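Each value in this text was obtained by applying a stated rule to the coordinates, not by laboratory testing. All values reported here derive from a predicted model rather than from experimental measurement. So basically every Cβ, Gly included, is an ideal-geometry build from the backbone, and we count neighbours across all protein chains shown.
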Amino acid sequence: MKKLALAALSLILPVFASASNTPAAGQAKPRAKAPVYTLYAAGDIADCAKKPALQTAAAQTANLIAAALDKDPQAFAVTLGDNTYPIGAPSEFTECYEPTWGRFKERTLPSPGNHDYGQPKALGYFNYFGELAGPDRRGYYSKKLGNWTLYSLNSQLSGNAMQAQLQWLKDELQKNKSRCTLAFWHHPAYSSGGHGNNKQMWPAWKLLADAGADIVLASHDHDYERFAPMNAQGEADERKGIRSFVVGTGGAKLTPMFFPKANTEIRDNNNHGVLKLVLQENSYSWEFLSIPGDNLRDSGNGSCH
């Protein structure tokens, strides 16, 4: 009789153990946390006037990214335009970009710059990146990464093509249900580098600011600059503003800077490197990574709007 009772109990116990891990009827299951993604971003990259390619600053910034991507399957490289110099020719992509940043091409989110348009219709750029550069060779697209939506824009467009891009961005932002938003392109809306502010990208900046975007990345000026969060008019707004970075430190020769802007927080034109961004569920952190021998340090964090 005792053996029969034990046998019956052994049949009952697993049922109780299983039931204890099952949510009660009507009780919501715990929500899974959004995955964390990491970006490594810079523009103004592979200069074919500096040879051989593997002895350039572009090779050293590529080494930083390649080492990180090998360890993290959820990391991506982001190019902020002027991927090659001097004219974005197909040979520049194969001879100077491919041996350096091309090592992780399939995990790259690119954007074009003015030097990429040194060839008619940015032939070298679009032939090299193909579908990675967005549909229909227009040079802009969106990418969803966890709780973030990323927008790669083409700051080289003008006229009707620019208006079409702005309408696309407006429509995309209205549909965007992500908590966090990041955009990147080549010509900075705000910069204290040699080229200064780019008013052509102010309409895109305003659309993003009005939609509550969190981060904007650009390059064009060959330096590093971080701004305090700014609103649609470029005024300081710590609570709702966009935090923006100029990261023209991917490998090309660094260039002079003018007086800092009102909202400049840190700037430097002596160090090559890449900006590391860790995109968390409702927040982000940043860190500038210098190549060996350079020593710029900048890091911090912020929350999504």
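Just to confirm the filter: which GluC sites (Glu not before Pro) across region 190-248 are DSSP coil and have at most 16 other Cβ within 10 angstrom of their Cβ? Filter output for region 190-248: GLU235, GLU238. Using 27 Å as the Cα-Cα cut-off, could you pick out the over-long pairs in LYS71/LYS177; LYS177/LYS240; LYS144/LYS240? Table pairs above 27 Å Cα-Cα are LYS71/LYS177. Report note on the peptides 111-121, 132-142: ranked by the mean count of other C-beta atoms within 10 Å, highest first, their order is 111-121, 132-142. Full extension of the segment from LYS177 to ASN197, taken as 0.36 nm per residue of separation minus the current Cα-Cα distance, would add 4.2 nm.
Take the Cα of VAL36, step 7 Å toward its Cβ, do the same at ALA228, and the gap between the two points is 2.9 nm.
If you add up the charges near ASP47, with Lys and Arg at +1 and Asp and Glu at -1, over every other residue whose beta carbon is less than 15 angstrom from its beta carbon, what do you get? Mind showing how you got there, number by number?
Details: positive: LYS50, LYS51, LYS253; negative: ASP44, ASP82, GLU92, GLU95, GLU98, ASP116.
The answer is -3.
Take region 34-303, drop everything but the C-alpha atoms, weight them equally and run the Debye formula without solvent; then report log10 I(q)/I(0) at 0.07, 0.17 Å⁻¹ to two decimals. Rounded to two decimals, the profile gives -0.20, -1.42.
The charge dipole of region 162-249, taken about its Cα centre with unit charges on the Cβ atoms of Lys, Arg (+1), Asp and Glu (-1) only, comes to about 300 debye.
Remark: the TRP168-ASN270 segment gains 33.0 nm on full extension, using 0.36 nm per residue and subtracting the alpha carbon distance.
Applying 1/(1 + (r/R0)^6) with r as the Cβ-Cβ distance of SER158 and ASN63 and R0 = 30 angstrom yields a FRET efficiency of 0.25.
Phi angles of region 166-177 translate, via the Karplus equation with coefficients 6.51, -1.76, 1.60 and θ = phi - 60°, into HN-Hα couplings of 5, 5, 4, 4, 4, 5, 5, 5, 5, 7, 5, 9 Hz per residue; Gly and Pro are given as x. Cysteines in the chain all have a partner Cβ under the 4.7 Å cut-off, so none lacks one.
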